[in-house]
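Inspection log for the structure reproduced underneath, given as structure tokens.
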Amino acid sequence: MLTEKSFSAGSACPRLEKGTLRHYSMRFCPFAQRSRLVLVHKKIPHETVNVDLKQKPDWLLAKSPKGKVPCIEINGKTMIESLVICEYLDEAYEPKNLLFSKDPWKKAEQKILIEQSSEILGPFYSLLRSNDGDKEASKKLRDFLHRFEKNLKGDFFGGDHPDAVDYMIWPWYERLGVLSELRDFDFSETEFPHLTGWCKRMASDETVKAIMFDDKTHVAYASSSLNGTPNYDIGLD
């Protein structure tokens, strides 16, 4: 069984058996969490290799040219980019249990909403990296959340159960507690009743529960990263 600890520069790439699907990841990467959610939800047999993104092994760059995760590999072929990987996994494995809609129009609507959700990245990370609380970033993040609050029409973006939209955007909502703890960002039920309710339902979802970290662990990792010494192996000692 492969270790969960991160492989860093100078390490040898673990041998990959023919026919085995491998997922190159980092435990706290929100983009890699997307594909992990799909793998877990669809019960796709796979193995995971976690990597040190600060001191990357040379063999990762050979598989993912920019040294990014997630990356998947099977039978000598590799694929990068989280959304591309998630759509591939959804179509290639367990097609009866699709997260993306079979209907081309509905699938396009899902992709539009996922694309719009990426607007959270700028203000989220600007606020996280500010030492004194970036008021402009905080306002932009709050404005974004208000817009997304209006997009939620049911229990989930997928209706009565999570779909591709829910799982693709969830990783950043799981980390909002980091902003609350480190940057005093208020994500309250009073201001965001629909989104906070959605967060509670997502946190109770079996797929999400299988791989999520609590606020304390996310804060510990974020703090180590902000200090320039990211601890990818928190909780594994």
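The values are calculated or read from the model by the stated rules, or taken from the named source; none is laboratory data. Source: prediction; values computed, not measured. With ideal geometry, Cβ positions are generated from the backbone for all residues, glycine too; neighbour counts draw on all protein chains shown. All accessible areas refer to the heavy atoms of the entire protein, side chains included, with ligands and DNA or RNA removed. Shrake-Rupley method; radii C 1.70, N 1.55, O 1.52, S 1.80 Å.
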| task | Name the single residue, out of those in the range 139-175 being more than 22 Å from THR190 (Cα to Cα) and touching a Gly at 6+ places or on another chain (Cβ under 8 Å), that is modelled with the lowest pLDDT. | result | ASP160
| request: Check the range 104-125 and report whether any residue there is part of a helix (DSSP H, G or I), under 17 Å from CYS29 (Cα atoms) and aromatic (Phe, Trp, Tyr). | output: yes
| field | Residues satisfying the stated conditions in the range 73-87, i.e. β-branched (Val, Ile, Thr), out of contact with any Gly (no Cβ under 9 Å at 6 or more places or on another chain), farther than 13 Å from LEU60 by Cβ and open to solvent by 10 Å² or more (accessible area, probe 1.4 Å) | value | VAL84
| message | Which residue is farthest from the chain's Cα centre (by Cα), if the candidates are limited to the range 8-45 and must be closer than 21 Å to SER223 by Cα and among the aromatic types (Phe, Trp, Tyr)? | response | PHE28
| request: Identify the residue in the range 143-157 that is open to solvent by less than 50 Å² (accessible area, probe 1.4 Å) and over 19 Å from the mean Cα position of the chain (by Cα) and, among all such residues, is farthest from ILE169 (Cα to Cα). | output: GLY154
| said: For the range 42-54, check the following and say yes or no: at least one residue is in a loop (DSSP other than H, G, I, E, B), touching a residue at least 24 places away in the same chain (Cβ under 8 Å) and touching a Cys at 6+ places or on another chain (Cβ under 9 Å). | reply: yes
| task | Find the residue count for the range 117-136, including only residues that are under 21 Å from the mean Cα position of the chain (by Cα) and without any contact (Cβ under 8 Å) to a residue 24 or more places away in the chain. | result | 5
